[in-house]
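Here's the structure, in structure tokens; my notes come after.
The values are calculated or read from the model by the stated rules, or taken from the named source; none is laboratory data. Only a predicted model underlies this, so the values are computations on that prediction, with no experimental measurement involved. Using ideal geometry, Cβ is built from the backbone for each residue, glycine included, and neighbour counts are taken over all protein chains shown. These accessible areas exclude ligands, DNA and RNA; they are computed on the full protein's heavy atoms, side chains included. Shrake-Rupley method; radii C 1.70, N 1.55, O 1.52, S 1.80 Å.
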Amino acid sequence: MEHLNEYTIPFKGLKEGKHVYQYEIDNKFFAEFEESEVKEGKVSVKVELDKKPSFLLLTFNIKGTISVVCDRCLEYFDQSVKTKSQLIVKFTDEEYEEGDDVIFLSPTAYQLNVAQYIYEFIILAIPIQRIHPVDKEGKSMCDPEMVRKLQQYISNGNESGDSPWNELKKLFDN
């Protein structure tokens, strides 16, 4: 976790106004998150911290590519990610439950590590369905052998009438 220390922003001595931090995310960053589905990537992150008298407004601009597994052929491919997210940091001694875009820190806090937030924003930028893009001719870039096997399995299931969906269809017919 030492590697993630470079994502700590010391905000206590900063003047009010905007401050910009630039980070280059690589495989070392993703390796720090053990259970991550993303192991490789190259992502640029620009964090704009707007310091106000009673709170901080952080804007994360994230753009790059990560390696993900294709849902169709199970091969890795580079998926582009691009997102803009905001995080509000409020200072209070009271206990509050953090929201999606609001966190609470003690008034004595002097720094904030943004690594976890960067990671979460990258993961949230990944499309739900991850499938190889198509080439210039409109053909899928999926592994052709795997696509052939999938088509064979789908067509064999339909011809034999032994589709697992047949039993469910009977339930709807009643």
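Kindly evaluate residue 21 against the criterion of being aromatic (Phe, Trp, Tyr), modelled with pLDDT of 90 or more and assigned to a strand (DSSP E or B).
yes
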(request) Considering every residue within the range 77-85, establish whether at least one is touching a helix residue (DSSP H, G or I) at 6+ places or on another chain (Cβ under 8 Å) and open to solvent by 80 Å² or more (accessible area, probe 1.4 Å). (result) no
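Give the residues of the range 24-34 that are in a strand (DSSP E or B) and surrounded by 13 or more Cβ atoms within 10 Å (Cβ to Cβ), sorted by residue number.
Within the range 24-34, 25 is the sole residue that qualifies.
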(message) If I ask for residues that are surrounded by 14 or more Cβ atoms within 10 Å (Cβ to Cβ), charged (D, E, K, R) and either more than 13 Å from residue 84 (Cβ to Cβ) or in contact with a Cys (Cβ under 6 Å, 6 or more places away or on another chain) (or both), which ones from the range 43-68 would you list?
(response) 50, 51
(message) Looking at 59, 65, can you tell me which residue is modelled with pLDDT of 95 or more, polar (S, T, N, Q) and closer than 28 Å to residue 141 by Cβ?
(response) 65
